[in-house]
Amino acid sequence: MESLQSSFISIRVTKAEKARFNLLSAIENKPVSTVIRELVEKELSKRKYSAIDLRKLPKEIRAEILKQMTVQAMPVYKKYKDELFIDETGDGIE
């Protein structure tokens, strides 16, 4: 079983910004931390990563992102794997 580790993140905000965080939290009926985690996850899931972006990441984070991408891609691969083929390029490389 995977053990969960947690840590604190603190950000400095104005009173007005803090009130907005609390307002969104109240509207969603969720704790502020949950709302922020969901917003970050939503933004990351919309992002398209280039090879350059991935190379800039630390090894552990890069591995986790690649695992997630593989999980998402496997159903599509399995659906179309019979239609995939390698076209001969004529360069002698097989």
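Every number in this text was worked out from the coordinates using simple rules, so none of it is lab data. Just so it is clear, the structure is predicted and the values come from calculations on it, not from any experiment. Positions of Cβ are backbone-derived with ideal geometry, glycine not excepted, and every protein chain shown enters the neighbour counts.
Determine which residues of the stretch 28-61 fall in the zone a paramagnetic label at PHE8 would reach in this model, i.e. backbone nitrogen under 19 Å from the point 7 Å along Cα→Cβ. Within reach of a label on PHE8: 31-37.
For the chain, what does the helix formula give at 222 nm: sum of -39500 (n - 2.57) over DSSP H segments with n ≥ 4, over the residue count, nearest 500 deg cm²/dmol?
About -19500 deg cm²/dmol.
Charge tally around PHE21: other residues with Cβ under 14 Å, Lys/Arg +1 each, Asp/Glu -1 each, net +3. For a test of the definition: using alpha carbon positions, the gyration tensor, and the 1.5 limit on a/c, classify the stretch 1-40 as rounded, prolate or oblate. Cα axes put the stretch 1-40 in the oblate bin.
Exceedance of the 30 Å cut-off in Cα-Cα distance is limited, within the set LYS30/LYS78; LYS46/LYS81; LYS18/LYS46, to LYS30/LYS78. Across the stretch 38-44, rounded Karplus estimates of 3J(HN,Hα) from the backbone phi angles (6.51 cos²θ - 1.76 cosθ + 1.60, θ = phi - 60°) give 5, 5, 5, 4, 4, 5, 5 Hz, Gly and Pro being marked x.
The phi-based Karplus calculation (6.51 cos²θ - 1.76 cosθ + 1.60; θ = phi - 60°) puts the 3J(HN,Hα) values of the stretch 46-60 at 7, 6, 9, 9, 9, 4, 5, 4, 5, 5, 6, 7, x, 3, 5 Hz, whole numbers, x for Gly and Pro. Note on the chain: along the principal axes its Cα atoms extend 67, 33, 28 Å, ordered by decreasing extent. Here the stretch 1-88 is treated with +1 on each Lys and Arg Cβ and -1 on each Asp and Glu Cβ, and its dipole about the Cα centre works out to around 500 debye. Between the residues VAL35, LEU24, TYR77, the greatest Cα displacement towards the positive end of the dipole of the chain, with unit charges on the Cβ of Lys, Arg, Asp and Glu, is found for LEU24. Once each of the trypsin sites (Lys or Arg not before Pro) sitting in a DSSP loop with at most 15 other beta-carbon atoms within 10 Å is removed, the chain keeps 49-94 as its longest stretch. According to the square roots a ≥ b ≥ c of the eigenvalues of the Cα gyration tensor, what is the shape class of the stretch 37-84, taking rounded for a/c under 1.5, prolate for a/b larger than b/c otherwise, and oblate for the remainder? The shape class here is prolate.
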